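Everything below concerns the one structure shown next.
The values are calculated or read from the model by the stated rules, or taken from the named source; none is laboratory data. Given the structure is predicted, the values throughout are model-derived calculations rather than measurements. Here the Cβ is made from the backbone with ideal geometry for all residues, glycine too, and neighbour counts use every protein chain on show.
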Amino acid sequence: MNYKRLETFMWVATIGNFRKAAEKLHTTQPAISARISGLEEELGVKLFERIGGSSPIMLTPKGKELLPYVEKILYQTEQLRKRAEVSTAYSGVLRLGVAETIVNTWLPQFLSRLHKDMPELAVDMVVDVTERLAVGIKDRSLDLALLMGPITEPNIVNRELSTFDLSWVASPDLDLPDRLLYLEELVNWPIITYARGTKPYMEIMQRFRDLEVPPVHFFSSTSLAACRSLTIDGVGISTLPNVMIKKELEEGKLKKIRAVWTPSDLPFTASYSDEPFNPIADMVIEMAVLAAKEYDARRLSGEGEN
């Protein structure tokens, strides 16, 4: 029985749309239709029916009955490939979402290992804020995301990666007092922070909103590199992951600020939807976990920090 036909059946059944299934499988809509027609002919049953002209398709009763068997066949096939350690058999495209903190830490090592172990696999990478990456995982436009997690929804697999601590930093040109500072003393400058809607932004905004001070000016950005540059240039004060500012601190471009409160550490996860079964993500996630562990080990030993 043709593997691609079974895989196509599973994705069309999951997404409920031939065009989107074609995008997921990196082929054309006519190719998807041909595979489904071929499988229906091979099985001698009708698997899908339309609910009107341009409406989404749905499984027939027989299609619903057969779907669990197809998913089991695909799962067992991937388990066989795993047992045989045929990682080179994995080809196609991995749609990978990555948060910028990971880009600036252990992503290069992860991608190098991925290419070594799965040389036939291409990577279509998106760097974005966690909120948008999470949407991509939920609507299956991404196969795997390395983000500030976890994603607490059914059918989402989350594996713990690195956790990064934050520090308040500013340019030495701002000449802030070298003592423990209250947050009220920081509001004379813009607070440069993560993009609106992110966990760090919401936590920082809420903390300053609770102060009895005039409205605080926030300069938010989806780019941590931009936040770092603005802080170096003395535009404002920011909280940044310590792994991203080690060099700037050593060179004297930035100075840590001792404040009475610092935002929470940032936990990252590798997250993907396992409905339907996602074999490539299931394999790749182990490499991400290993890359994070190796990076953390180097970081603890004082090596490998940016």
Looking across the range 74-103 at residues that are surrounded by fewer than 17 Cβ atoms within 10 Å (Cβ to Cβ) and in contact with a strand residue (DSSP E or B) (Cβ under 8 Å, 6 or more places away or on another chain), the single one that is modelled with the highest pLDDT is VAL103
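Which of the residues belonging to the range 144-199 are basic (Lys, Arg) and touching a residue at least 40 places away in the same chain (Cβ under 8 Å)? Walk me through how you get there before you give the answer.
At the first step, the residues of the range 144-199 found to be basic (Lys, Arg) are 159, 179, 196, 199.
Once the filter is applied, which keeps residues that are basic (Lys, Arg) and touching a residue at least 40 places away in the same chain (Cβ under 8 Å), the range 144-199 yields ARG159, ARG179, LYS199.
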Residue list for the range 207-243, filter: part of a loop (DSSP other than H, G, I, E, B) and buried (at least 20 other Cβ atoms within 10 Å of the Cβ): GLY236
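Here is a check on your reading of the model: is THR28 at pLDDT 85 or above, exposed (fewer than 14 other Cβ atoms within 10 Å of the Cβ) and under 30 Å from LEU121 (Cα atoms)?
On the way: at pLDDT 85 or above: yes; exposed (fewer than 14 other Cβ atoms within 10 Å of the Cβ): yes; under 30 Å from LEU121 (Cα atoms): yes.
For THR28, the condition - at pLDDT 85 or above, exposed (fewer than 14 other Cβ atoms within 10 Å of the Cβ) and under 30 Å from LEU121 (Cα atoms) - is met.
SER264 - would you say it is within 21 Å of LEU181 (Cα to Cα), under 21 Å from the mean Cα position of the chain (by Cα) and touching a residue at least 24 places away in the same chain (Cβ under 8 Å)?
yes
Take the residues in the range 104-146 that are in a loop (DSSP other than H, G, I, E, B) and β-branched (Val, Ile, Thr), then tell me which one is surrounded by the most Cβ atoms within 10 Å (Cβ to Cβ).
Residues of the range 104-146 in a loop (DSSP other than H, G, I, E, B): 104-106, 118-120, 128-129, 139-143.
Filter again for β-branched (Val, Ile, Thr), leaving 105, 129.
On the way: THR105: 25, VAL129: 21.
Restricting to residues being in a loop (DSSP other than H, G, I, E, B) and β-branched (Val, Ile, Thr), the top hit is THR105.
Answer yes if at least one residue in the range 194-205 is assigned by TED's automatic domain parsing to the domain that holds THR239, assigned to a loop (DSSP other than H, G, I, E, B) and either loosely packed, with under 14 Cβ neighbours inside 10 Å or touching a His at 6+ places or on another chain (Cβ under 8 Å) (or both), and no otherwise.
As a first pass, look at the range 194-205 and keep what is assigned by TED's automatic domain parsing to the domain that holds THR239: 194-205.
Now restrict to residues that are assigned to a loop (DSSP other than H, G, I, E, B): 195-198.
The next check asks that each one be either loosely packed, with under 14 Cβ neighbours inside 10 Å or touching a His at 6+ places or on another chain (Cβ under 8 Å) (or both); those that pass are 197.
Yes - at least one qualifying residue is present in the range 194-205.
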Of the conditions (1) of a type in the set (D, E, K, R); (2) surrounded by 14 or more Cβ atoms within 10 Å (Cβ to Cβ); (3) farther than 21 Å from LEU94 by Cα, GLU71 satisfies every one except a single condition; which number is it? (3)
For PHE218, state whether it is on the phi < 0 side of the Ramachandran plot, over 22 Å from the mean Cα position of the chain (by Cα) and not charged (D, E, K, R). yes
What residue, among those in the range 249-296 that are in a helix (DSSP H, G or I) and outside the structural domain of GLU160 (by TED's automatic domain parsing), is surrounded by the fewest Cβ atoms within 10 Å (Cβ to Cβ)? GLU250
